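Notes follow the structure.
The values are calculated or read from the model by the stated rules, or taken from the named source; none is laboratory data. Since the model is a prediction, treat every value here as computed from it, not as a measurement. Please note: Cβ atoms are built from the backbone with ideal geometry, for glycine as well, and neighbour counts cover all protein chains shown.
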Amino acid sequence: MGIRRGHQARLGEVIAEKLILAISLSTIAMVFLIFLFVGREAFPVLLGRVSSAAAQEKPLPVEAMNTLTPAQLRAYLGLSAQEFSSMDRDTIQSLMEVRIEASAEEKPSRDAELNTVAWRYLLFPFQWSDYDKPVYVWQPVSGIHKYNIMPLVVGSLKTTIVALLFAVPLSLAAAIYVSQLANPRWKEWIKPAIEMLSAVPSVVLGAFALLVLATALQSLFGYQYRLNAFLAGIALGLTCVPVIFSIAEDALTSVPRSYTQAALALGASKWAAAWQIVVPAAIPGLFAAVVLGFGRCIGETMVVLIASGNAAILSPSLIEPVRTITATIAAELGETVVGGHHYRMLFVLGTLLFIVTFLTNLAGDVVIHRLKGRLEGKK
């Protein structure tokens, strides 16, 4: 009987193991498919196979209705398959006439012949015909589509840097206090309270920043713009505080208690033992907490969408409105034509965001292993 029960238990363990393996592999496959989908939509722009100049071509005459296939006519008018199928011939003819009239009213521009999704216009300033100097402009809904991504990159970096400058000292100080200095009774209250901040939806934090924090900071510092990079960074810092705190606190707690006990036995205070013994031993874990906090900040959407002002301005000032990569994707993706150059440019931004986070985590992993090697006495 005991042998039979043991056999059944082992069979159950094998089934559970295979089930866990299947779930793990399916999760990896889902992540890979997401990256594959984003890359498929972005690669035509990255490889220079998309041109926005085609959108500025001369309108076709009404008689072209008889020579174009339905698919070509639908693409020319920028209609979805459902919209096109619901229209009769007279309606389609009216749309073509309206396009001809609109084109006649537009003033010819040398900018219309430019492929504004080329790397030259994505990364470097350009003097457009209606500007008096070279500028960085993200303006995808204008007559001439402008897709310079530098204002979005700088906006993302500004809000992320402000968030880290606010959250990292606060989170690490709280982690050191809770893990090394706090009374056990206080620790039971402080740690769950900080970690519960991660349960607050980011849209709620964004609304709090918009309605409360924006007014308070503007009254305190007296700057002009109510919504700006500084406000968005502070609100963004609140979202990554529990992430940095939890990982840092675990890293500090995992340092053997014998280190602290030996320091205290030699006459060191609790603060000296924590600062001079525990913190250096936990440096790899603390650095990992900061790296993951960076990833949390750079990928956050709702807070910056609500609190940043959403103006694609390239400026070093922290008290001017900004527009981030994530906010741009969230605000514009639902209003683009699937397969169009604006649609693909948003996927390019998503690819850029993935590359930044991947390289950051890779660099962080390398640094962490080197720090661990130094602590273990390895070269």
(request) Search the stretch 113-144 for residues being in a helix (DSSP H, G or I) and not hydroxyl-bearing (Ser, Thr, Tyr), and hand back the single one that is modelled with the lowest pLDDT. (result) Glu113
(message) From the list Thr253, Thr260, Thr239, exactly one residue is under 30 Å from Ser308 (Cβ atoms) and either in contact with a helix residue (DSSP H, G or I) (Cβ under 9 Å, 6 or more places away or on another chain) or surrounded by fewer than 15 Cβ atoms within 10 Å (Cβ to Cβ) (or both). Which is it?
(response) Thr239
(message) If a residue counts only when it is of a type outside the set (S, T, N, Q), modelled with pLDDT of 90 or more and surrounded by 10 or more Cβ atoms within 10 Å (Cβ to Cβ), which helices (runs of 4 or more DSSP H) contained entirely in the stretch 1-86 have at least 2 such residues?
(response) 2-46
(message) Looking at the stretch 127-141, can you tell me whether even one residue there is over 22 Å from Glu320 (Cα atoms) and buried (at least 17 other Cβ atoms within 10 Å of the Cβ)?
(response) yes
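Search the stretch 145-181 for residues being under 30 Å from Ala263 (Cα atoms) and polar (S, T, N, Q), and hand back the single one that is modelled with the highest pLDDT. Spell out how you get there, then give the answer.
We begin by selecting, within the stretch 145-181, every residue under 30 Å from Ala263 (Cα atoms); these are 167-181.
Going one step further and asking which of them are polar (S, T, N, Q), we end up with 171, 179-180.
On the way: Ser171: 95, Ser179: 89, Gln180: 88.
Result: Ser171.
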(request) Please find, among Ala209, Ala229, Ala273, Ala265, the residue that is surrounded by fewer than 17 Cβ atoms within 10 Å (Cβ to Cβ) and hydrophobic (A, V, I, L, M, F, W, C). (result) Ala265
(message) Of the conditions (1) within 27 Å of Val135 (Cα to Cα); (2) among the hydrophobic types (A, V, I, L, M, F, W, C); (3) in contact (Cβ under 8 Å) with a residue 40 or more places away in the chain, Ala311 satisfies every one except a single condition; which number is it?
(response) (3)
(message) So, in the stretch 145-154, how many residues would count as being surrounded by 21 or more Cβ atoms within 10 Å (Cβ to Cβ) and not in a loop (DSSP other than H, G, I, E, B)?
(response) 4
(message) Could you tell me how many of the residues in the stretch 87-112 are at pLDDT 80 or above and either outside any helix (DSSP H, G or I) or touching a helix residue (DSSP H, G or I) at 6+ places or on another chain (Cβ under 8 Å) (or both)?
(response) 8
